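What follows draws every value from the coordinates through simple rules; no lab data is involved. Values in this document were obtained by computation on a predicted structure and should not be read as measured data. Positions of Cβ are generated from backbone atoms using ideal geometry, with glycine treated the same way; all protein chains shown enter the neighbour counts.
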Amino acid sequence: MAGSSSIIVVGGGIAGTMTALHLQRRGEQVTLIDRWEPGHARAASTDYNRVIRAISGRDEFYTRWARDARQRWLELQAESGQNLMYECGCLILATEGHCHWEDATADTFDKVGVPYHRFSQQEITARFPQFKADDIAYALYEPEAGLLMAHRCVITAIDLFKKAGGLVKRGHVSTDADERPMLDGKPLEADVIIIATGAWAADMFPRTIKPISAIIGINVLYTSTPDGSDAFDMEKMPCWIDHGQGSFGIPSSEGSGVKAAIVIPDKIDLDNDERLIRRQSLNRTRSYIQRRLPALAGEKVVDSKFNQVILTPDTHFVVDWHPQHSNVLFAGGCSGHLFKHGPTFGDFVAGVAVRDYGTADRFKLGARKKLSPKESPSGR
């Protein structure tokens, strides 16, 4: 099939863009279609930055993928000349009495060979005084983790795709009663159609995707760093995951302010709701910041984001062919931890699309069940 097929990728977030880029570089004829401009603010792949880290509990598969993706991001950064990734490290806080995910991760890191340090509560406070760690049993510090400049990553991948000869089009792809992709009321025609529409895939495919997915909102606050202090800049502070509090955060990068998010299941109407942070979440996130990062108490919120995430029960991705339409391939399924895997995920999907190999069992359509904290790659 290589070099001869026409392929349409629907959805210009990180999953679709990276898939399109890898297919185009394989010599395929690829058209990428999105409803809005690349990097638009409704996408799950928007926002200034995202965490990249290898922590995946007992799951060696995603741990290895994350390490592979890290190398690929660095290569894309060198190729493009854009600042895509900053290796400021990541601190994984293990809450006293709730350390299953972190305990499992340490074992996996040892098996895979991921560099890390284990810090006691006292060592956390000494090394990173920004954090109040009185309820923390220990922390895992991954020095080669860090942050990706998310919006810039998407825009850069789009630019590389165009330079490779790919075509980007604006259009609203929907489906008919048989879940056949349609554009402007007519069936999409291509050898392969890849659906990478993130949260929108659930409503587009009510029989195949909706039963194995949930859409939740993620409320994110950016808080100003203290006047005259660089303690919360990425040169002195790592990203962090506070699993016991359902939170994660990123130090101030390129002047963004300190990012903190609490994952609260929040309904969203994808097409009609405005992307505004909820007041309840604003108060909860502020309380969290004051508790975990006390030196930020009283600092002003300088920005906020409200992003949607599509989650499968086991938080595994979906990469599989539609059961009725043999040329329709799904690619996505868990935006909560997909972004960091972007280049590796896109390369894998490209190989499935041209039928170099089949998909992984974990990515197949069918019954999904929630995993234990040790088994879950995201800890959810």
Placing +1 on the Cβ of each Lys and Arg and -1 on the Cβ of each Asp and Glu in the range 316-380, which of 372, 317, 329 has its Cα farthest towards the positive end of the resulting dipole? 372
Spatially proximal aspartates and glutamates relative to residue 163 (Cα-Cα < 17 Å; intrachain offsets below 8 disregarded): 28, 75, 79
Calculated FRET efficiency for the pair residue 82/residue 178, C-beta based, R₀ 56 Å, to 0.05: 0.85
Using the basic label-point model (7 angstrom from Cα toward the beta carbon), what is the residue 355 to residue 326 distance in nanometres? 0.7 nm
Projecting each Cα onto the charge dipole of the chain (Lys/Arg +1, Asp/Glu -1 at the beta carbon, about the Cα centre), which of 17, 84, 36 comes out farthest on the positive side? 36
Here D for the range 6-81, in µm²/s, from Stokes-Einstein with a Kirkwood Rh over Cα pairs at 10 °C and 1.306 mPa s, works out to 111 µm²/s
Describe numerically, in nm with one decimal, the distance between label points set 7 Å from Cα along Cα→Cβ at residue 75 and at residue 111. 2.6 nm
Virtual spin-label span in nm between residue 95 and residue 224, 7 Å along Cα→Cβ: 3.1 nm
Relative to the longest principal axis of the chain, what angle (0 to 90°, nearest 10) does the C-alpha long axis of helix 342-353 take? 20 degrees
Would you mind computing the Rg to Rh ratio of the range 166-306 from its alpha-carbon coordinates, Kirkwood style for Rh? 1.11
Within 10 Å of each residue's Cβ, count the other Cβ atoms and sort 65, 200 from fewest upward. 65, 200
State, in angstrom, two size descriptors of the chain derived from its alpha carbons: Rg to one decimal place and Dmax to the nearest whole number. 20.3, 63
The Rg/Rh figure for the range 284-331, Cα atoms and Kirkwood Rh, to two decimals is 1.34
The base-10 log of I(q)/I(0) that the Debye equation returns for the range 313-370 at q = 0.29 Å⁻¹, one scatterer per C-alpha, is -1.33
Residue 254 to residue 67: extension gain in nm, 0.36 nm per residue of separation minus the Cα-Cα distance? 64.9 nm
In straight Cα distance, which lysines are under 23 Å from residue 236, not counting same-chain residues fewer than 8 positions off? 132, 259, 300, 340
Test of understanding: extend the Cα→C-beta vector of residue 275 to 7 Å, then name every residue of the range 229-260 with backbone N under 18 Å from that spot. 256-257, 259-260
Taking just the alpha carbons, could you work out the radius of gyration and Dmax for the range 107-151, both in angstroms? 12.8, 36
Where is the GNM fluctuation largest for the chain (alpha-carbon springs, 10 angstrom cutoff): 263, 302, 349? 302
Where the convex hull is taken over the Cα atoms of the range 46-175, what is its projected area averaged over directions, in nm²? 11.0 nm²
Take every Cα-Cα pair in the range 228-366 and report what % of them are more than 26 Å apart. 42 percent
What's the local net charge at residue 104, with K and R +1, D and E -1, over the other residues with C-beta under 9 Å away? -3
Only Lys, Arg (+1) and Asp, Glu (-1) charged, at Cβ; the range 268-379 dipole about Cα centre in debye: 660 debye
